[in-house]
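These notes are about the structure you will find just below.
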Amino acid sequence: MNKILAKRLEELKISLAEEESIQISSQSLKEITAKRIGIDPSVIEDIKIIKKSLDLRHKHQPYFIYCLDIYIGDTKKTNKKLSRLETITPAPLINITSNSGGSKRLLYPPLIIGAGPAGLFAALILAENGYSPILLERGRHLPQRQHDVSEFWQSGRFCDNSNVQFGEGGAGAFSDGKLTFRGKDPFAKLVISRLIDFGADPAIAYWHRPHIGSDRLIKVVGNISAHITACGGSMVFSTRLDDIRGNDNLQEVSIAAAKHKSLPAEALVLAVGNGARDTYQMLYRRGLAVENKPFAVGLRICHSQNLINDVAYGGIVSMALPATDYRLTYQDKSRGRGVYSFCVCPGGYIINASGERDSIVTNGMSYAARDSNYINSAIVASVNAADFGQEPLAAMEWQRRLEQQAFKLAGGNYFIPVSSAEEFLAGSGGGIINQDLLKVKSAGTTSLNLRELLPEAISESIAAALKQWEKSIPGFILQGVLAGVETRTSAPVRILRGVNGQSLNMSGIFPAGEGAGYAGGIVSSAVDGMRTAQALMEKYQPAEANAVKEYQALVAEAVT
């Protein structure tokens with residue numbers, strides 16, 4: 001039996017016609033690859049896609065670029081033809097293990113606050129390494145949460161702790177499910193691999209703009225939670241962290257579920273998400289080191305997907321071409337403010353993402369198919385201490401006021417404020433909106449002057465950016481409908497931590513993820529959650545089995 005030879009083909013250009021055949025039958029990729037390198041398809045045992053991207057530099061002739069690992073069986077007649085290709089040995093994924101843990105054994109299992117990407121992946125690593133973590137989530141289990149969010153979008157009935165911001169999966173569960181990350185971080189590759197293990201499309205491992213979709217992401221989250229439980233961890237919903245106590249070291253937490261209860265605590269992962277304002281306030285009140293941080297605010301704009309596809313593809317229509325997106329930036333030099341597109345959602349929806357009573361927040365989401373025929377994105381301008389002040393929670397309060405003002409101006413009924421892009425440029429509003437240019441998930445919309453939602457300087461910067469982008473995307477203004485406000489681009493607060501991953505002034509507390517100010521998006525938050533779990537394991541060994549059982553019983557009694 002011949003030894004399998006693995007070779008890497010770095011750049012295989014695939015035409016639209018070829019890509020169409022590949023999408024119909026995966027066998028076509030083997031045949032096209034064999035023909036291109038001049039070998040018999042029968043000797044190819046397997047092909048693994050390493051990278052796949054779409055080259056649009058020539059609008060009237062787009063093509064795909066593949067990087068492939070080709071596994072050859074019979075090499076007798078192919079060695080010479082394959083000699084120009086690099087022989088590869090696949091690198092193993094990083095493995096996160098406790099290595100018997102730190103020098104100190106935990107008295108109680110670690111608590112994790114928040115079931116977003118950071119909290120889930122921290123819990124996943126800890127559970128798989130025998131730490132029996134207990135994850136506390138203020139929101140509800142996903143099936144109940146989906147019902148609550150659907151009810152809110154249909155009727156405007158808001159649920160304080162079960163909404164787009166709070167609940168199993170975090171804010172990312174109702175999002176576009178984009179998995180962008182920069183560089184070659186091995187932890188990021190591990191996140192992608194684990195998402196595939198739990199049900200994500202394997203294409204996210206190689207597509208240059210990976211995307212899960214909210215419908216599939218919700219299933220993935222459920223599978224992760226089930227695995228955490230199977231590995232000895234616990235998932236506790238409708239339970240909020242209300243207080244922490246300790247001096248230099250964490251000693252006790254208070255939680256609120258069916259009743260308020262105090263619990264001894266030694267190790268606490270704070271993965272609270274960027275909407276947990278009451279938690280930020282409590283941490284600040286308790287003297288934890290926090291600071292405000294720059295972020296961005298603005299509006300969301302919606303167009304027909306065909307408009308963006310036509311500009312990107314030069315009018316070419318093909319089943320092989322996905323619903324495309326855009327990346328736009330503008331530097332408003334006169335005001336010293338950057339403006340950019342953010343969270344672009346091809347084939348998606350603008351959603352009402354309110355996470356606090358009497359407030360409006362917009363976001364974008366899409367399903368795996370990205371087939372709504374609409375595209376939306378946030379158009380946001382950078383803000384900093386010059387806008388909101390120096391106090392640690394000043395940015396958060398400024399953000400909150402924008403959301404409350406949007407709610408009030410829209411009529412106090414959770415309708416999303418909207419206007420045409422033309423009206424926004426003219427400083428007017430209240431006109432009739434072309435519903436063929438707007439796709440939303442909300443109880444309703446209200447047409448008004450969106451400049452009333454934002455400080456004048458931010459509105460002017462956004463207006464200048466829209467005029468600039470109209471030059472590269474004709475129709476961006478004429479066919480654009482704006483909605484507001486978009487405020488949750490990143491956390492307005494950072495919970496300061498040291499190189500050991502712990503709070504600067506209370507040992508045993510491990511801030512993690514986007515809500516702690518150290519990530520932005522699903523992948524980076526999950527990565528930070530894993531690194532936080534690693535930091536915890538480097539300090540502690542797992543609690544004894546009997547101590548875990550006793551503590552689990554304490555938690556169960558508290559939330560019953």
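The values are calculated or read from the model by the stated rules, or taken from the named source; none is laboratory data. Because the structure is a prediction, the values reported are computed rather than measured. Reconstructed Cβ throughout: ideal geometry from the backbone, glycine too, with neighbour counts over all protein chains shown. We work out accessible area using only protein heavy atoms, side chains counted, and drop any ligands, DNA or RNA first. Shrake-Rupley method; radii C 1.70, N 1.55, O 1.52, S 1.80 Å.
The single condition among (1) open to solvent by 20 Å² or more (accessible area, probe 1.4 Å); (2) at negative phi; (3) at pLDDT below 95 that ASN363 does not meet is (3).
Counted as qualifying within segment 408-524 are the strands (runs of 3 or more DSSP E) with 2 or more residues that are touching a strand residue (DSSP E or B) at 6+ places or on another chain (Cβ under 8 Å), at pLDDT 95 or above and under 30 Å from LEU268 (Cβ atoms), namely 493-495, 509-511. Looking only at segment 1-12, count how many residues are under 25 Å from LYS76 (Cβ atoms) and open to solvent by 90 Å² or more (accessible area, probe 1.4 Å). Qualifying residue count, segment 1-12: 3. The numbered conditions (1) within 30 Å of SER472 (Cβ to Cβ); (2) in contact with an Asp or Glu (Cβ under 6 Å, 6 or more places away or on another chain) are all true for SER262 except (1). Applying a threshold of 9 Å to beta carbon distances and a minimum spacing of six or more residues, or different chains, the list of pairs starting in segment 234-250 at a residue that is farther than 22 Å from ASP278 by Cβ and in contact (Cβ under 8 Å) with a residue 12 or more places away in the chain and ending at one that is open to solvent by 40 Å² or more (accessible area, probe 1.4 Å) and of a type in the set (A, V, I, L, M, F, W, C) reads SER234/ALA556. Considering segment 68-82, the residues that are among the charged types (D, E, K, R) and at pLDDT below 80 include one that is least open to solvent (accessible area, probe 1.4 Å), namely ASP74. Cβ separations smaller than 6 Å between residues 6+ apart or across chains give the following pairs from segment 442-469 residues that are within 23 Å of GLY411 (Cβ to Cβ) to residues that are modelled with pLDDT of 95 or more and among the charged types (D, E, K, R): SER459/ARG451. Scanning segment 110-136 for residues that are open to solvent by 10 Å² or more (accessible area, probe 1.4 Å), closer than 21 Å to PRO264 by Cβ and not small (Gly, Ala, Ser) yields a single hit, ILE113.
Pairs meeting the criteria (first residue in segment 295-314 and farther than 14 Å from PRO346 by Cβ, second residue part of a strand (DSSP E or B) and open to solvent by 10 Å² or more (accessible area, probe 1.4 Å), beta carbons under 6 Å, at least 6 apart or on different chains) are ALA296/SER382.
When segment 325-359 is filtered for residues that are among the polar types (S, T, N, Q) and at pLDDT 95 or above, the ones remaining, listed by number, are THR329, GLN331, SER341, ASN352, SER354, SER359. If you go through segment 83-96 and keep only what is free of Cβ contacts under 8 Å to residues at least 40 places away in the same chain and either closer than 24 Å to PHE187 by Cβ or surrounded by 10 or more Cβ atoms within 10 Å (Cβ to Cβ) (or both), you end up with ALA91, PRO92, ASN95. Only residues that are assigned to a loop (DSSP other than H, G, I, E, B), touching a helix residue (DSSP H, G or I) at 6+ places or on another chain (Cβ under 7 Å) and open to solvent by 40 Å² or more (accessible area, probe 1.4 Å) were counted in segment 373-407, giving 1. List, please: which pairs have Cβ atoms under 9 Å, are six or more places apart or on different chains, and start with a residue in segment 362-385 that is within 16 Å of THR489 (Cβ to Cβ) and end with one that is β-branched (Val, Ile, Thr) and in a loop (DSSP other than H, G, I, E, B)? Short answer, once both residue conditions are applied: THR362/THR487; ASN363/VAL164; MET365/VAL164; ALA378/THR489; VAL380/THR487; VAL380/THR489.
Against the numbered list (1) buried (at least 21 other Cβ atoms within 10 Å of the Cβ); (2) under 30 Å from GLN281 (Cα atoms); (3) among the acidic types (Asp, Glu), GLU356 comes up short only at (1).
If you go through segment 319-372, how many residues are small (Gly, Ala, Ser), farther than 22 Å from GLY172 by Cβ and in a loop (DSSP other than H, G, I, E, B)?
Count: 3.
For segment 13-29, a residue qualifies if it is open to solvent by less than 50 Å² (accessible area, probe 1.4 Å) and under 13 Å from ILE44 (Cβ atoms), and the qualifying residues are SER28, LEU29.
The set of residues in segment 43-60 that are open to solvent by 80 Å² or more (accessible area, probe 1.4 Å) and in contact (Cβ under 8 Å) with a residue 24 or more places away in the chain comprises GLU45, ASP46, LYS51, LYS59, HIS60.
The lone criterion from (1) at pLDDT below 80; (2) among the β-branched types (Val, Ile, Thr); (3) open to solvent by less than 80 Å² (accessible area, probe 1.4 Å) left unmet by ILE32 is number (1). If ALA276 satisfies all but one of (1) over 30 Å from ASN373 (Cβ atoms); (2) without any contact (Cβ under 8 Å) to a residue 60 or more places away in the chain, what's the number of the condition it fails? Looking at each condition in turn, ALA276 falls short on (2). Checking ALA188, ALA230 one by one, the residue that is surrounded by fewer than 18 Cβ atoms within 10 Å (Cβ to Cβ) and either among the aliphatic types (A, V, I, L, M) or free of Cβ contacts under 8 Å to residues at least 40 places away in the same chain (or both) is ALA230 and no other.
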